[in-house]
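Here's the structure we're looking at; comments come further down.
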Amino acid sequence: MIEMQDVWKEYGNGVAALSGISVQIKQGDFVFVVGPSGAGKSTFIKLMYREERPTKGHIFVGGFNIEKLRERQIPIMRRHIGAVFQDYKLLPKLTVAENIAFALEVIEASRRMINRRVAEVLELVGLSDKGKMFPRELSGGEQQRIGVARALVNKPSVIIADEPTGNLDPENSWAILKLFERVNDQGTTIVMATHNRELVNACKKRVIAIENGQIVRDQERGEYGYED
Amino acid sequence: MKIRTMGRHTREGFKNLFRNGWMTFASVSAVSVTLLILGIAIILSLNIQNLSVNVENQLQINAYVADSVPASSLPALKQSLQALPGVLTVKFVSKEQALQTMRKQLQQNADLLNGLGNPLPNEFVVQAIDPNQTVAVAHEVKSTTGIQSVQYGQDFINKFLTVITAVRDAAIVFIIVLLVMGIFLISNTIKVTIFTRRREIEIMKLVGATDGFIRGPFFIEGTLMGVLGALIPGFILYELYRWLVSSVTPFPPFSFLSTSFVIDRTLTILILCGIFMGIWGSLVSVRRFLRV
């Protein structure tokens, strides 16, 4: 599903974010990516949906060879990935339903299909009654659930989430995690970078720890392992 | 691209016009001002062109008959003029006809002529076969017995044509400068609009929108702004020109082109320029923000 082979990433200012990462994530895996701030977690995530390019190494995501991807193919690749962000990245001027529909409009889906899928994912995240509201009228937890709904609407084979619970209280963080578990149960791969120790320790999923741009730990049913 | 998507882009393009009301206003104003000046330049140059055509058509020799020549010998005189080499036509204009024409030209001021009697001489209007030979023919005409004096306005025409050419060249340069300035203004205003929508574009890219898809609404929006920016000055110019034609009496060889002719031409050019400026401005500005 996702494979990195000796991936290096140096930014223009000479800072090495990742130094020789190799990792394999299988279809249906649920993976936490942990590590101190600035360790390279975000870069690791960004490489997967080609917001950044590797300086060296090979990356494969769902059959796409990321480093050989042409500019034109990037959008096509991204449609197979659902991305969830710490700041939700919802469009403030669109309603909740429109925000979700947006991800289907770009692939030129039919109106009927859009309406059906939007209703389905709204129900999945438990916000069927909020479709006509605007993001600012929702709580942070609800907004993030909309973010997850948008990520799911395309039926992606993998969800990549960068600190999705970073701005949420414990209760809402749990709600998001439960959502991810449900989606994962249906076979969708989940890669989630997080600082949330409670979640990681309670879930007993695979944990990949990144420090100084290298993988220092990769365990099945792992622990968070940091004191922050 | 599917029709559905075109529909979406059009809807979005229209919505964006209203959502970014102030920026739309700024952009449309910039286009309007530019195109208003461009429109004035076009109307001027159309009329100047018309003027030069009028003048060239009037490249004729007015041969004034001496008062001493009796009316009975006028046909013979006409024949001898007609026999001169290089003469195309000779037309007789009597003193009375000349006076009437002058009255017409003076219109409401025709009263000035009252009490003067008829100071105008009989006249032959001679047209040369080749307009460039007008001077030579005029000399021949002048040396014919019975002709007191000739007028052929060659000096005036030469000077006039020089001035017209200079004005036209200056106008072309001026118009090009205006267009470049206008495009700069529009792309700048649209750039500001897009800057505030950077996040929107970023999200579109992250959910897998192609560049073409993202450009769609901006393309429509640019076109609409261009058309709006052309219609406003088009309307202003129409009203102004109509007012000008109805309230100013031109004197020959000057005459106004008809309002409909001028506005048709001008509006077509303005709309094309507006669309060009709008699309060009929006596409140039959106390009920078597509690299996510």
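Being among the charged types (D, E, K, R) and within 30 Å of B:Gln108 (Cα to Cα) is a property that holds for B:Arg242.
Note on the stretch A:53-85: residues that are more than 11 Å from chain B (Cβ to nearest Cβ), in contact with a strand residue (DSSP E or B) (Cβ under 9 Å, 6 or more places away or on another chain), surrounded by fewer than 19 Cβ atoms within 10 Å (Cβ to Cβ) and in a loop (DSSP other than H, G, I, E, B) amount to 3.
Among the residues making up the stretch B:214-249, those that are more than 14 Å from chain A (Cβ to nearest Cβ), more than 20 Å from the chain's Cα centre (by Cα) and of a type outside the set (Phe, Trp, Tyr) are B:Ile220, B:Glu221, B:Gly222, B:Thr223, B:Leu224, B:Met225, B:Gly226, B:Val227, B:Leu228. On the basis of being more than 11 Å from every other protein chain (Cβ to nearest Cβ), touching a helix residue (DSSP H, G or I) at 6+ places or on another chain (Cβ under 6 Å), under 23 Å from A:Asn172 (Cα atoms) and surrounded by 14 or more Cβ atoms within 10 Å (Cβ to Cβ), does A:Ile146 make the cut? So A:Ile146 passes the test. Please determine whether any residue of the stretch B:26-45 is out of contact with any Phe, Trp or Tyr (no Cβ under 9 Å at 6 or more places or on another chain), surrounded by fewer than 14 Cβ atoms within 10 Å (Cβ to Cβ) and more than 14 Å from every other protein chain (Cβ to nearest Cβ). Yes, the stretch B:26-45 has at least one match.
Return the residue satisfying two criteria in turn: it lies in the stretch A:36-52 and is touching a Ser or Thr at 6+ places or on another chain (Cβ under 9 Å) and in a loop (DSSP other than H, G, I, E, B), and of such residues it is farthest from the other protein chains (Cβ to nearest Cβ). If we take residues in the stretch A:36-52 being touching a Ser or Thr at 6+ places or on another chain (Cβ under 9 Å) and in a loop (DSSP other than H, G, I, E, B), then A:Gly40 is farthest from the other protein chains (Cβ to nearest Cβ).
Yes/no matrix, rows are residues, columns are (1) over 16 Å from the mean Cα position of the chain (by Cα); (2) within 24 Å of A:Leu177 (Cα to Cα); (3) among the charged types (D, E, K, R):
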site: A:Glu52; (1), (2), (3): no, no, yes
site: A:Ile59; (1), (2), (3): yes, no, no
site: A:Asn65; (1), (2), (3): yes, no, no
site: A:Arg70; (1), (2), (3): yes, no, yes
site: A:Met77; (1), (2), (3): no, no, no
site: A:Glu120; (1), (2), (3): yes, yes, yes
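When B:Glu12 is tested against (1) more than 14 Å from chain A (Cβ to nearest Cβ); (2) at pLDDT below 85; (3) touching a Pro at 6+ places or on another chain (Cβ under 6 Å), just one condition goes unmet, and that condition is (1). Restricting B:Asp264, B:Asp211 to those that are out of contact with any Cys (no Cβ under 7 Å at 6 or more places or on another chain), within 14 Å of chain A (Cβ to nearest Cβ), more than 20 Å from B:Phe184 (Cβ to Cβ) and not β-branched (Val, Ile, Thr) reduces the list to B:Asp211. Any residue that is within 14 Å of chain B (Cβ to nearest Cβ) and of a type in the set (Ser, Thr, Tyr) - is there at least one of those in the stretch A:215-226? The answer is no, given that none of the residues of the stretch A:215-226 is within 14 Å of chain B (Cβ to nearest Cβ) and of a type in the set (Ser, Thr, Tyr).
Only one entry of B:Ile271, B:Ile190 meets the criterion of being crowded, with 16+ Cβ neighbours inside 10 Å, modelled with pLDDT under 85 and away from chain A (no Cβ under 14 Å), and that entry is B:Ile190.
Here is the figure for the stretch A:4-35: residues that are closer than 22 Å to A:Lys204 by Cβ and assigned to a loop (DSSP other than H, G, I, E, B) total 5.
When the criteria are applied in full, A:Ala209 meets the requirement of being under 19 Å from the mean Cα position of the chain (by Cα) and assigned to a strand (DSSP E or B).
Reported count of residues in the stretch A:149-180, each being over 24 Å from A:Phe60 (Cα atoms) and away from every other protein chain (no Cβ under 14 Å), is 15. For the stretch A:100-143, filtered to residues that are small (Gly, Ala, Ser) and out of contact with any helix residue (DSSP H, G or I) (no Cβ under 6 Å at 6 or more places or on another chain), the residue that is surrounded by the most Cβ atoms within 10 Å (Cβ to Cβ) is A:Ala109. If the condition is being under 30 Å from A:Arg72 (Cβ atoms) and of a type in the set (Gly, Ala, Ser), then the stretch B:210-253 contributes B:Gly212, B:Gly216, B:Gly222, B:Gly226. In the stretch A:91-104, which residue that is at the interface with chain B (Cβ under 8 Å from one of its Cβ atoms) and part of a loop (DSSP other than H, G, I, E, B) is farthest from A:Pro164 (Cα to Cα)? Among those residues, the one meeting the criterion is A:Lys93. Mind listing just one residue for me: the one in the stretch B:46-57 that is among the hydrophobic types (A, V, I, L, M, F, W, C) and over 12 Å from the mean Cα position of the chain (by Cα) and, of those, farthest from the other protein chains (Cβ to nearest Cβ)? Ranking the candidates gives B:Val55 first.
Is it fair to say B:Thr259 is within 14 Å of the chain's Cα centre (by Cα), away from every other protein chain (no Cβ under 14 Å) and buried (at least 19 other Cβ atoms within 10 Å of the Cβ)?
Against the criterion (within 14 Å of the chain's Cα centre (by Cα), away from every other protein chain (no Cβ under 14 Å) and buried (at least 19 other Cβ atoms within 10 Å of the Cβ)), B:Thr259 does not qualify.
From A:Ile107, A:Ile176, A:Ile159, grab the single residue that is among the aliphatic types (A, V, I, L, M), touching a strand residue (DSSP E or B) at 6+ places or on another chain (Cβ under 9 Å) and not in a helix (DSSP H, G or I). Criteria check complete, one pass: A:Ile159. Within the stretch B:227-251, residues that are among the hydrophobic types (A, V, I, L, M, F, W, C) have Cβ atoms under 8 Å from residues that are assigned to a loop (DSSP other than H, G, I, E, B) in these pairs: B:Leu244/B:Phe256; B:Val245/B:Phe256; B:Val245/B:Ser258; B:Val248/B:Phe256, counting only partners at least 6 apart in sequence or on another chain.
Being of a type in the set (Phe, Trp, Tyr) and loosely packed, with under 13 Cβ neighbours inside 10 Å is the filter here, so list the residues in the stretch B:1-24 that pass it. Walk me through how you get there before you give the answer.
If we filter the stretch B:1-24 for residues that are of a type in the set (Phe, Trp, Tyr), which is where we start, we get B:14, B:18, B:22.
Passing the criteria: B:Phe18, B:Trp22.
The values are calculated or read from the model by the stated rules, or taken from the named source; none is laboratory data. Everything numeric here is computed off the predicted structure, so don't read it as measured data. Here Cβ is always computed from backbone atoms with ideal geometry, including for glycine, and neighbour counts include all displayed protein chains.
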